[in-house]
1. Could you list 150, 123, 189 so that the one with the fewest beta carbons within 10 Å of its beta carbon is first and the one with the most is last?
2. Would you mind calculating the relative contact order of the stretch 38-187 from Cα pairs under 8 angstrom and at least 6 residues apart, reporting the percent as a whole number?
3. Excluding residues fewer than 8 places away in the same chain, name every one of the aspartates and glutamates whose C-alpha is closer than 13 Å to that of residue 17.
4. For the stretch 178-247, would you read off the P(r) tail past 13 Å as a percentage of all alpha carbon pairs?
5. Taking 20 °C and 1.002 mPa s as the conditions, I'd like the Stokes-Einstein D for the stretch 80-153 in µm²/s, using the Kirkwood hydrodynamic radius from alpha carbon pairs.
6. For residue 187, put the label point 7 Å out on the Cα→Cβ axis and report which residues of the stretch 25-60 keep their amide N under 13 Å from it.
7. Add -39500 (n - 2.57) for each DSSP H run of 4 or more in the chain, then divide by its residues: what number comes out at 222 nm, to the nearest 500 deg cm²/dmol?
8. Using all alpha carbons of the chain, what is the percent of pairwise distances in each 5 Å bin, ordered from the shortest bin to the longest?
Amino acid sequence: MSSYQNKVKIDIKNVSKRYEDVDVLENISIKVCEGEFVSILGPSGCGKSTIFNIVANLIDYDSGSIDINGKLSYMYQKDLLLPHKTVIDNVSLPLTIMKEKKHRNDFLNKKEAREKVKNYFDTFGLLGYENKYPSELSGGMKQRANFLRTFVTCNDIMLLDEPFGALDSITKTSMQKWLLDIKNKVNSTILLITHDIDEAIMLSNRIYVISKKPASIKKEFIIDKDYYNDDNLENIMKLKKEILNLL
Ligand SMILES: Nc1ncnc2c1ncn2[C@@H]1O[C@H](COP(=O)(O)OP(=O)(O)OP(=O)(O)O)[C@@H](O)[C@H]1O
Ligand SMILES: [Mg+2]
């Protein structure tokens with residue numbers, strides 16, 4: 001599972017990026033294979049979101065190469081719900097827009113799109129809030145709505161930038177479990193940004209630990225679930241220590 005034997009879905013090779021006078025990324029290489037869950041773990045401000053913005057083709061990079069094999073969805077770190085639309089219309093928006101484009105058949109009218117996303121509201125803890133506006137939601141709920149919108153957009157390759165960052169620990173744990181479960185069912189490829197070591201260990205097949213700015217890869221860890229699990233907390237503690245020492 002954690003080897004490179006599967007099809008490579010994201011291949012970032014020696015990417016560097018500089019903003020005017022600041023070096024942000026230095027020779028970043030990250031590979032993610034089909035069905036893998038890979039985390040990028042690094043300190044605040046080191047350049048993690050910049051990596052995603054480059055992968056999603058939103059910003060340029062200075063050198064290196066990027067190959068993407070499939071369809072991407074991207075959950076931004078900051079929630080971007082439209083204030084004048086209800087929660088259900090925010091969530092189903094990606095399914096209805098771009099009707100005229102070449103994938104016309106993939107897109108639904110408003111009613112079909114609402115039907116499609118409705119069933120997920122329970123799992124995402126948003127049941128009963130379908131017809132509220134974002135301003136009526138808590139921070140965590142906004143984040144879950146944002147997450148749900150990313151999920152319905154496309155679950156081939158998902159880029160998740162700190163999706164659990166603003167959630168309380170109870171909600172966070174249940175959302176993490178839900179994500180793992182869904183991932184196993186649909187075989188999504190997931191690249192996650194986090195600065196939570198426990199979260200990275202719990203969710204990932206592999207973790208890239210990156211340094212502070214300019215970000216470079218410090219070390220790659222393969223998380224063998226037979227070795228790192230709740231029955232072997234000592235192994236997890238050791239790994240956490242090793243990761244902490246790198247950060
Ligand atoms: N458009 C920009 N122009 C100039 N500098 C930028 C720009 N965007 C980001 N930066 C700088 O690049 C560095 C990395 O930013 P980035 O948002 O990628 O960090 P991050 O690791 O995602 O941080 P956080 O953990 O706080 O989310 C920061 O020093 C930031 O100030
Ligand atoms: Mg960020």
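Read-outs throughout are calculated quantities, based only on the coordinates presented, and are distinct from any laboratory measurement. Note that this is a predicted model, so its numbers are computed, not measured. Ideal geometry is used to build each Cβ from the backbone, glycine not excepted, and the neighbour counts take in all protein chains shown.
1. By the 10 Å Cβ count, ascending, the order reads 123, 150, 189.
2. 31 percent
3. Leaving aside aspartates and glutamates fewer than 8 places away in the same chain, those within reach of residue 17 are 26, 60, 62.
4. 68 percent
5. Result for D is 175 µm²/s.
6. Of the residues in the stretch 25-60, 34-36 have backbone N under 13 Å from the label point off residue 187.
7. Value at 222 nm, helices only, nearest 500: -10000 deg cm²/dmol.
8. Spelled out bin by bin, the chain gives 1, 6, 13, 17, 18, 16, 13, 9, 5, 1, 0, 0 percent.
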